[in-house]
1. Scanning region 123-143 for residues that are in contact with a Phe, Trp or Tyr (Cβ under 9 Å, 6 or more places away or on another chain) and hydroxyl-bearing (Ser, Thr, Tyr), which turns out surrounded by the most Cβ atoms within 10 Å (Cβ to Cβ)?
2. Based on this model, can you work out whether Leu23 counts as at pLDDT 85 or above, assigned to a loop (DSSP other than H, G, I, E, B), aliphatic (A, V, I, L, M) and surrounded by fewer than 18 Cβ atoms within 10 Å (Cβ to Cβ)?
3. With the structure loaded, tell me whether Leu118 is in a strand (DSSP E or B) and at pLDDT below 90 or whether it fails that test.
4. Somewhere in region 68-84, is a residue under 17 Å from Gly130 (Cα atoms), in contact with a Gly (Cβ under 8 Å, 6 or more places away or on another chain) and of a type outside the set (A, V, I, L, M, F, W, C)?
5. Could you give every pair whose Cβ atoms fall below 8 Å, whose first residue belongs to region 148-159 and is polar (S, T, N, Q), and whose second residue is at pLDDT 85 or above and not in a loop (DSSP other than H, G, I, E, B), counting only separations of at least 6 or pairs across chains?
6. Go through region 46-70 and give me each residue that's free of Cβ contacts under 8 Å to residues at least 40 places away in the same chain and in a loop (DSSP other than H, G, I, E, B).
7. Would you please name the residue that is farthest from Gly82 (Cα to Cα), looking only at residues in region 152-162 that are touching a strand residue (DSSP E or B) at 6+ places or on another chain (Cβ under 8 Å) and outside any helix (DSSP H, G or I)?
Amino acid sequence: MIRNENAQLYTVEGIASAMLLVLVVIFVVKAAPMTPNTSSAAHQYLAAQLETQGQDLLIILDYTPEGSLNSPLKQAILDWRGVQFEGQSPVRPQSVNYTASILKEVMGDAGIAYNLELSFDTHTGVATYGMLWNGKPSDNAVTVSRKIILHDDDGVVATDKIPDMDSNATRFYNIVDVRLTLWRM
């Protein structure tokens, strides 16, 4: 039998290299997030982009055109009858339908679902109602909001839902926090 000391050395070196590679692979797997729920840079970018789009849309809807008394968003709140409209179907009154059609055109056609909620003070606390509802948001949803101030002479239709918080001491009626929740479908 021929004895070759180099062969034993090559075998030990191969085993040590394999163990080192296994340890490196284990270290890399444990160090890198591998779950689908883990936030990645791409997910954070998409969430920030969605938040910016939502905030911009609320700003545009709250713009009062020249010759108009109210912005489209404020007029929709004033005309809202306290009913939650579900899905993408046309709604009444016309100002709420206009707001819904703008949201559908900008967000719905891009594959983004949305819910529009109104939150305001009542005599017993804070109440929140859905105005336009398209389902339960996913875990990666973002919410943006904008405050709309209502006055006594604005003519709120849903007085049973949105109460006068000032009892006619001033022109102040209530502050409505409009929350737009957005998520990708």
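The values are calculated or read from the model by the stated rules, or taken from the named source; none is laboratory data. Quick caveat: nothing in here was measured; it's all calculated off a predicted structure. So basically every Cβ, Gly included, is an ideal-geometry build from the backbone, and we count neighbours across all protein chains shown.
1. Of everything passing the filter in region 123-143, Tyr129 is surrounded by the most Cβ atoms within 10 Å (Cβ to Cβ).
2. no
3. Against the criterion (in a strand (DSSP E or B) and at pLDDT below 90), Leu118 does not qualify.
4. Scanning region 68-84 turns up at least one residue that is under 17 Å from Gly130 (Cα atoms), in contact with a Gly (Cβ under 8 Å, 6 or more places away or on another chain) and of a type outside the set (A, V, I, L, M, F, W, C).
5. From region 148-159, no pairs qualify.
6. Tyr63, Thr64, Pro65, Glu66, Gly67, Ser68, Leu69
7. Among those that are touching a strand residue (DSSP E or B) at 6+ places or on another chain (Cβ under 8 Å) and outside any helix (DSSP H, G or I), it is Val156.
Rundown of residues vs (1) part of a loop (DSSP other than H, G, I, E, B); (2) modelled with pLDDT of 90 or more; (3) surrounded by 17 or more Cβ atoms within 10 Å (Cβ to Cβ); (4) more than 24 Å from the chain's Cα centre (by Cα), yes/no style:
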{"site": "Ser145", "(1), (2), (3), (4)": "no, yes, no, no"}
{"site": "Leu150", "(1), (2), (3), (4)": "no, yes, yes, yes"}
{"site": "Asp164", "(1), (2), (3), (4)": "yes, no, no, yes"}
{"site": "Ala169", "(1), (2), (3), (4)": "yes, no, no, yes"}
{"site": "Ile175", "(1), (2), (3), (4)": "no, yes, no, no"}
